[in-house]
Every structure is written in structure tokens, then in C-alpha cells.
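This report concerns only the one structure given below.
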Amino acid sequence: MSGKLSRSEKRRLLKADSRWVGKPIALNKGREPFEANIRHMVSILRDDKNMYRASEVSEYAHRLHEITMRASKPTKLACAKGCYYCCHTFVTVVPAEVFRVAGVLQKRSDDIVNHIKETHAKTSGISQQDKWRSLVPCPLLDADSCSIHEVRPLTCRGCVSTDAESCKRIYMEGKEEVPPFVIEYNSVTTAIAASLSAALRLVGLQDRSIDWNGALAVATSTKNSEERWLAGEDIFSDVTRAIGTNPGTPFDKMVNGLVQNVAPTI
Ligand code: SF4
Ligand code: SF4
């Protein structure tokens, strides 16, 4: 789209967006549902009276993922409670998502914050490539289950498989196998993460993904972390950036394309 829309055109567009907002993404409708949802996410992020708008926009993106996957009825998965192999690898997070998790963890004991710091200390010096093989469990894995399942980040929502034994060989034994991922999950997860990143980029917030352990350590041990990040403070400056969202990567190009299309409409 080129050229800014007039106010009445924007009003008409917002009205049309209601077909897509908060509904499962219609995967056969091209960019339209994604762009409508990005406009909605931008409207959440522009409400600067809301100190928890990063958590809120993440909750929205997570819900969008959940309802879209439920509606698309993908292949039967091998994933189940107690299957934990994939929780021993490198995890990344869109920065806004970590505050939703930190909000839940703050209601728990200090032990978890210390455990996160210890895990981050173990992994912070390891390169992204080596982290895949480090076998250090996610600090939020508890008794072989995800202790924050309801609020887990998009990366974890998209990491699903049809064969747990193959996951065991890949994640625990370091075998070079093509993971039996499920294409519907991968493409929906990538598109929703790109939409969330585009919304953040459109309002000038940090959108490139970062290391999960580092993000958790900062968000749980920094006072008023969400408020400070929303005010533009680079609280994650020491956290490793994820290679996959660097400038020029296919993901970054996808985000740029969405930003270019949506910018004139907001
Ligand atoms: S992705 Fe693999 S390891 Fe993770 S829960 Fe699913 S089957 Fe288990
Ligand atoms: S957040 Fe949960 S699902 Fe994701 S790696 Fe950690 S324990 Fe596993």
C-alpha cells in the first residue's frame, strides 16, 4: 500500500478489520487478516496509560496462535505433558513476550528467580549454535513439565512434533536428523511472531528476538522492567540477540514487508 490513508478511510478499514480481529487467522486469505491483527496490536501498544501493554499484546498474539491452531486442526502431535526433550535447547523470545511470563513468576517464590539467574549464568557464554547441544534444561521446566505452559512464548508454542523418539535423538543425543515438525504450526507461529514483531517495530519498540534465559533473568530481576522497557530503556542490552531475526534474514524481510504495508494505514 502506498500513500497515507485519510481519517475516513482509516475508519472504514478499522471497521473492516473487525472481520479478522480476535478470530482464527484465515490462512487462505493472504496478508489481509495478518495486517488487520497488526493494526489491532498497534492500538494496544499505543495505549500508553496501560503499563502492561507489552504483556497484553503478547497475550493477544498467544491467543491468536491458540485459536488459529485449534481451527486449522493440524496433524496429530506426539507432544504431551511430561515430554520435555525440546526444553533442553536454545529458546528465543520476542522481547515483549517475556513480561507476560515475568508477571506470573513474580507471584511465585524468589527461588525461581535465583534458578533463572543460575541457568542464565551457565548458558550466557555459549554461542547460539552450541546452545542447541548444551543440554541445559529451561529454568521453567519443573518435574518434566513446563511450569508456565499457559503463558509460554511463541517459540515453544510452535515447537511441536509427530515423533517424540526423534526429538529425543535430536535434542538429547545430538543426532543430526530433520525434526518431524508440523508445517502448519511452523508457518502459523512464524507469521504470528512476524506480526507481533511488526507491531512493535511500528511503534518504535525493540522487536528482534533474544535469548530466553537472558530475557527471563533481566525481566524477573529488574524493578519495573516492563514499564522501563516500554519507556525505551534498553534493559536487554546484554542479552544475546537471536541470529534468526537479524537484519536481512528471511524473517526480518517478512517483518519489513508487513511494516511497509501497515504503516500508511495507522
Ligand atoms: S516437540 Fe518433541 S520433545 Fe517437545 S513435547 Fe513435542 S514430542 Fe516432546
Ligand atoms: S518455557 Fe516451557 S515449553 Fe518453553 S522451553 Fe521452557 S519449559 Fe519448555
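Among residues of the stretch 135-153 that are polar (S, T, N, Q), those with a Cβ under 8 angstrom from a residue that is within 6 Å of ligand 2 (Cβ to nearest atom), sequence gap 6+ or separate chain, pair up as Ser147/Leu140; Ser147/Leu141.
Of all the residues in the stretch 49-66, those that are acidic (Asp, Glu) and within 16 Å of ligand 2 (Cβ to nearest atom) number 2. Only residues that are out of contact with any His (no Cβ under 8 Å at 6 or more places or on another chain) and modelled with pLDDT of 95 or more: list them for the stretch 130-140, please. Answer for the stretch 130-140, where residues must be out of contact with any His (no Cβ under 8 Å at 6 or more places or on another chain) and modelled with pLDDT of 95 or more: just Leu140. Among residues of the stretch 113-171 being assigned to a loop (DSSP other than H, G, I, E, B) and of a type in the set (Val, Ile, Thr), the one that is farthest from ligand 2 (Cβ to nearest atom) is Thr162. Of Ser161, Ser127, all but one fail to be more than 16 Å from ligand 1 (Cβ to nearest atom), at pLDDT below 95 and more than 14 Å from the chain's Cα centre (by Cα); the exception is Ser127. Annotation note: of Leu205, Leu196, the sole residue that is within 29 Å of Tyr84 (Cβ to Cβ), modelled with pLDDT of 95 or more and of a type outside the set (Val, Ile, Thr) is Leu196. A count restricted to the stretch 42-53 and to residues that are under 16 Å from Glu226 (Cβ atoms) and in a helix (DSSP H, G or I) stands at 3.
Scanning the stretch 93-120 for residues that are small (Gly, Ala, Ser) and farther than 19 Å from Arg241 by Cβ gives Ala102, Gly103, Ser109. For the stretch 203-254, a residue qualifies if it is part of a helix (DSSP H, G or I) and under 13 Å from His120 (Cβ atoms), and the qualifying residues are Trp212, Asn213, Gly214, Ala215, Leu216, Ala217, Val218, Ala219, Thr220, Ser221. Does the stretch 172-186 hold any residues that are part of a helix (DSSP H, G or I) and in contact with a helix residue (DSSP H, G or I) (Cβ under 9 Å, 6 or more places away or on another chain), and which are they? Within the stretch 172-186, Met172, Glu184, Tyr185, Asn186 qualify. For the stretch 171-186, the criterion of a residue being more than 12 Å from ligand 1 (Cβ to nearest atom), buried (at least 16 other Cβ atoms within 10 Å of the Cβ) and touching a residue at least 24 places away in the same chain (Cβ under 8 Å) is satisfied by at least one position. A count restricted to the stretch 16-34 and to residues that are among the aliphatic types (A, V, I, L, M), closer than 17 Å to Ala194 by Cα and exposed (fewer than 14 other Cβ atoms within 10 Å of the Cβ) stands at 0. Contact map, the stretch 255-266: residues that are closer than 12 Å to Leu5 by Cβ paired with residues that are part of a helix (DSSP H, G or I) and not charged (D, E, K, R), Cβ distance under 8 Å, separation 6+ or inter-chain. Pairs shown: Val262/Ile38; Val262/Val42; Val262/Ala198; Val262/Leu202; Ala263/Leu202; Thr265/Leu13; Ile266/Val42; Ile266/Leu202. If you go through the stretch 216-230 and keep only what is more than 19 Å from Thr240 (Cα to Cα) and of a type in the set (A, V, I, L, M, F, W, C), you end up with just Leu230.
Within the stretch 54-66, residues that are farther than 14 Å from Val94 by Cα have Cβ atoms under 6 Å from residues that are surrounded by fewer than 20 Cβ atoms within 10 Å (Cβ to Cβ) in these pairs: His65/Arg157, counting only partners at least 6 apart in sequence or on another chain. Select from the stretch 67-112 the residues that are away from ligand 2 (no atom under 12 Å from the Cβ) and assigned to a loop (DSSP other than H, G, I, E, B) and list them in ascending order. The answer is Lys73, Pro74, Thr75, Lys76, Leu77, Ala78, Ala80, Val94, Gln106, Lys107, Arg108, Ser109.
The values are calculated or read from the model by the stated rules, or taken from the named source; none is laboratory data. None of these values were measured; they are calculated from a predicted model. Please note: Cβ atoms are built from the backbone with ideal geometry, for glycine as well, and neighbour counts cover all protein chains shown.
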